[in-house]
């Protein structure tokens, strides 16, 4: 064999794709950016994907309904997660081809009793969600998203800060002139969770002496949404960056946005289903909630919602669920660490995904000694390599960084726990979990192609 055949010598993806594929990549990423602006929370991601799916012919699944090859169905779980499926020619005894992503992202949730006034400024108390660097959130323009559920049963959607003429919200930071003590603290201690208070207003109600600014805010909320302070107890409200997805660089080769982790992979897994022909094996796309806090709860990947739908599908075909799972293949489509030349010391460059080299495959994730990893079998990795190569998908191997630096997990272990062969695959990200993350267009596109290759695979 020649030297070229023996060595592994990856090339930048832009040196490997055609002009036509670059055009397809740009078109895909334009749609992705529009999705990101429309779906900053899991409820919004569910609503937007369902809207697009219905336009493409998907219908809600009802237990007991007759299904045939080519049918397109979906099922929403608590408006926070959703599963899509396209029925294949082979029955489910031969397994399904599954992608599993999550649509939640780190953010600042409001506490149950959030509204207060201090020195004639109205503020919200927050409880951060997921792994955040707390010092990154002050001085970022914020928007209020979520719902308020009234005792009547009515659910009121809230979105303030996204329209051009909307106000935004703000977490303050200490001025540099008086920050000598703060600057001596570690980054973890410089801003505390209890200091992530959101500024809401400063104009007092003229007819109230006690908490006049708070009263003015409550009156505004009641006038616009019909809610009272007690209604906060049954609300899901959160502060997210009031920033649009934007192209980055002179060459516009990258995208900055809030929530790439993991909506960049969620969209990549979902988009191919919209134009898909009848697959050989049933194609399933799971968009789950709560991954950032352990995939727990009724809408997380640990819940039985996925199992219930799959069992219902299996019963339609007279197949045992366990037989379906043991024959299935899953790509856990979640982001991975992208090599950052500004911080090379935290990554093993030989084993780290890089921007513009394609979808990043991770045999294992987890922390330090692979804690929390599914650790895909070698045969599974080989199968995926073959599948991607056959479809012209650019891919690379990666892991989450130097062993002793830490790590992180995905939903892969929860799929593997179901006896489903699972491999992590996703987009390399810079500034992961920051309010504004960075990805490369080429990697976004190749991750979508990887999901498409899985759905269309005949093995």
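The values are calculated or read from the model by the stated rules, or taken from the named source; none is laboratory data. What you see is a predicted model; the values in this text were computed from it and never measured. All Cβ positions, even for glycine, are placed from backbone atoms using ideal geometry, and neighbour counts span all protein chains on display.
Can you tell me which residue among 98, 103, 121, 87 is buried (at least 22 other Cβ atoms within 10 Å of the Cβ) and over 30 Å from residue 254 (Cβ atoms)?
Selected residue: 87, the only one of 98, 103, 121, 87 that is buried (at least 22 other Cβ atoms within 10 Å of the Cβ) and over 30 Å from residue 254 (Cβ atoms).
Quick one: residue 319 ticks every box in (1) surrounded by 15 or more Cβ atoms within 10 Å (Cβ to Cβ); (2) over 20 Å from residue 102 (Cα atoms); (3) out of contact with any helix residue (DSSP H, G or I) (no Cβ under 7 Å at 6 or more places or on another chain) except a single one, so which number is it?
Looking at each condition in turn, residue 319 falls short on (3).
Check 177, 145 and return the single one that is modelled with pLDDT of 95 or more, surrounded by fewer than 17 Cβ atoms within 10 Å (Cβ to Cβ) and outside any loop (DSSP other than H, G, I, E, B).
Details: 145 fails: surrounded by fewer than 17 Cβ atoms within 10 Å (Cβ to Cβ).
One residue alone meets the criteria, 177.
Which one is farthest from the chain's Cα centre (by Cα), of the residues in the range 297-308 that are surrounded by 14 or more Cβ atoms within 10 Å (Cβ to Cβ) and without any contact (Cβ under 8 Å) to a residue 12 or more places away in the chain?
Among residues in the range 297-308 that are surrounded by 14 or more Cβ atoms within 10 Å (Cβ to Cβ) and without any contact (Cβ under 8 Å) to a residue 12 or more places away in the chain, the one farthest from the chain's Cα centre (by Cα) is 308.
Got a number for residues in the range 354-395 being more than 30 Å from residue 14 (Cβ to Cβ) and assigned to a loop (DSSP other than H, G, I, E, B)?
Counting residues in the range 354-395 that are more than 30 Å from residue 14 (Cβ to Cβ) and assigned to a loop (DSSP other than H, G, I, E, B) gives 8.
Determine whether residue 40 is over 22 Å from residue 452 (Cβ atoms) and assigned by TED's automatic domain parsing to the domain that holds residue 445.
Values: over 22 Å from residue 452 (Cβ atoms): yes; assigned by TED's automatic domain parsing to the domain that holds residue 445: yes.
So residue 40 fits the description; yes.
I'm trying to understand the selection: among the residues of the range 210-260, which are over 16 Å from residue 162 (Cα atoms), part of a loop (DSSP other than H, G, I, E, B) and touching a helix residue (DSSP H, G or I) at 6+ places or on another chain (Cβ under 7 Å)?
Across the range 210-260, the qualifying residues are 227, 228, 253.
Within the range 116-139, does at least one residue satisfy the condition of being within 26 Å of the chain's Cα centre (by Cα), free of Cβ contacts under 8 Å to residues at least 40 places away in the same chain and more than 30 Å from residue 308 (Cα to Cα)?
From the range 116-139, those within 26 Å of the chain's Cα centre (by Cα) are 124-139; that's our starting set.
Now drop any that are not free of Cβ contacts under 8 Å to residues at least 40 places away in the same chain, which leaves 139.
In the following step, the residues that additionally are more than 30 Å from residue 308 (Cα to Cα) were identified as 139.
For the range 116-139, residues within 26 Å of the chain's Cα centre (by Cα), free of Cβ contacts under 8 Å to residues at least 40 places away in the same chain and more than 30 Å from residue 308 (Cα to Cα): present.
Return a yes/no flag: does the range 149-160 have any residue that is in the same structural domain as residue 298 (by TED's automatic domain parsing), more than 19 Å from the chain's Cα centre (by Cα), closer than 30 Å to residue 427 by Cβ and surrounded by fewer than 21 Cβ atoms within 10 Å (Cβ to Cβ). It would help to see each step written out before you state the result.
Going residue by residue through the range 149-160, those that are in the same structural domain as residue 298 (by TED's automatic domain parsing) are none.
Checked against the condition, which is being in the same structural domain as residue 298 (by TED's automatic domain parsing), more than 19 Å from the chain's Cα centre (by Cα), closer than 30 Å to residue 427 by Cβ and surrounded by fewer than 21 Cβ atoms within 10 Å (Cβ to Cβ), the range 149-160 yields no hits at all.
Please determine whether any residue of the range 435-458 is crowded, with 20+ Cβ neighbours inside 10 Å, touching a strand residue (DSSP E or B) at 6+ places or on another chain (Cβ under 7 Å), farther than 25 Å from residue 21 by Cα and at pLDDT 95 or above.
Yes: one or more hits.
In the range 258-278, what residues are at pLDDT 95 or above and crowded, with 24+ Cβ neighbours inside 10 Å?
258, 259, 260, 263, 264, 265, 266, 267, 268, 269, 270, 273
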